[in-house]
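The values are calculated or read from the model by the stated rules, or taken from the named source; none is laboratory data. Keep in mind the model is a prediction, meaning the values are calculated, not measured. Note that each Cβ is placed from the backbone with ideal geometry, even for glycine, and that neighbours are counted across all protein chains shown. Keep in mind that these areas ignore ligands, DNA and RNA; they rest on the heavy atoms of the full protein, side chains included. Shrake-Rupley method; radii C 1.70, N 1.55, O 1.52, S 1.80 Å.
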Amino acid sequence: MSEYFARVTWIRQESENFVDNQYSRGHEWQFEGGVIVPASSSVHIVPLPFSVETNVDPEEAFVASLSSCHMLFFLAIAAKRKFVIDNYTDNALGVMSKNDEGKMAMTQVILRPKVQFSGDKLPSLEQLEKMHHQSHEQCFIANSVKTEVITEIVLT
């Protein structure tokens, strides 16, 4: 078993009444290694100026978390199979809509990995699909959520 830590901190500004719902949703995420990430609600949910557009919102972080987890397993699988990867880019997209229970949820995340290989040994499309399938099956985050995760391989 492993445990993971994140501290989420929000502080009301003196000028904010709070009970009128006119307060900043800007806050910070701090992680074990000391990294601090400026966070906020999404501007799609809480309009400006009460959201901070430049900060990461939980929905973006969710999509990034799924993409990152998938990528890390993909890199490990490719290395084990002796494929050399020079670059991995995923323009992942999360879709927020009502789920089967009628609640707003991240119902779908589409991963669009584009992987650049080099060297003499290059994977076939079938091998690429299999490695992405294995990455999804092994991803701890994907195994933890109900969201449909789709991988659309981008060929170079």
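The single residue among S67, S24, S2 that is open to solvent by less than 50 Å² (accessible area, probe 1.4 Å), of a type in the set (S, T, N, Q) and out of contact with any Leu (no Cβ under 7 Å at 6 or more places or on another chain) turns out to be S24.
Scanning segment 123-156 for residues that are open to solvent by 50 Å² or more (accessible area, probe 1.4 Å) and in contact with a Phe, Trp or Tyr (Cβ under 7 Å, 6 or more places away or on another chain) yields a single hit, Q138. Within segment 139-151, count every residue that is more than 13 Å from A92 (Cβ to Cβ) and in a helix (DSSP H, G or I). Of the residues in segment 139-151, 2 are more than 13 Å from A92 (Cβ to Cβ) and in a helix (DSSP H, G or I).
For Y88, the criteria (1) in a loop (DSSP other than H, G, I, E, B); (2) more than 30 Å from D20 (Cβ to Cβ) hold in every case but one, which is (1). Number of residues in segment 110-138 that are in a strand (DSSP E or B) and either farther than 15 Å from F73 by Cβ or among the hydroxyl-bearing types (S, T, Y) (or both) equals 5.
Scanning segment 1-31 for residues that are charged (D, E, K, R) and either at pLDDT 95 or above or more than 23 Å from F140 (Cα to Cα) (or both) yields R7, R12, E14, E16, D20, R25, E28.
Each residue in segment 5-16 was checked for being open to solvent by less than 90 Å² (accessible area, probe 1.4 Å) and over 24 Å from the mean Cα position of the chain (by Cα), and 1 pass. Here M106 meets the list (1) at positive phi; (2) buried (at least 16 other Cβ atoms within 10 Å of the Cβ) almost entirely, failing just condition (1).
Among residues of segment 40-59 that are under 20 Å from V109 (Cβ atoms) and among the acidic types (D, E), those with a Cβ under 9 angstrom from a residue that is part of a loop (DSSP other than H, G, I, E, B) and open to solvent by less than 70 Å² (accessible area, probe 1.4 Å), sequence gap 6+ or separate chain, pair up as D57/R25; D57/S40; D57/S41; D57/S42; D57/V43; D57/S51; E59/S42. Would you call L72 touching a Cys at 6+ places or on another chain (Cβ under 9 Å) and open to solvent by 40 Å² or more (accessible area, probe 1.4 Å)? For L72, the condition - touching a Cys at 6+ places or on another chain (Cβ under 9 Å) and open to solvent by 40 Å² or more (accessible area, probe 1.4 Å) - is met. The residues of segment 31-42 that are open to solvent by less than 50 Å² (accessible area, probe 1.4 Å) and either over 25 Å from Q13 (Cα atoms) or outside any strand (DSSP E or B) (or both), listed by number, are G34, S40, S41, S42.
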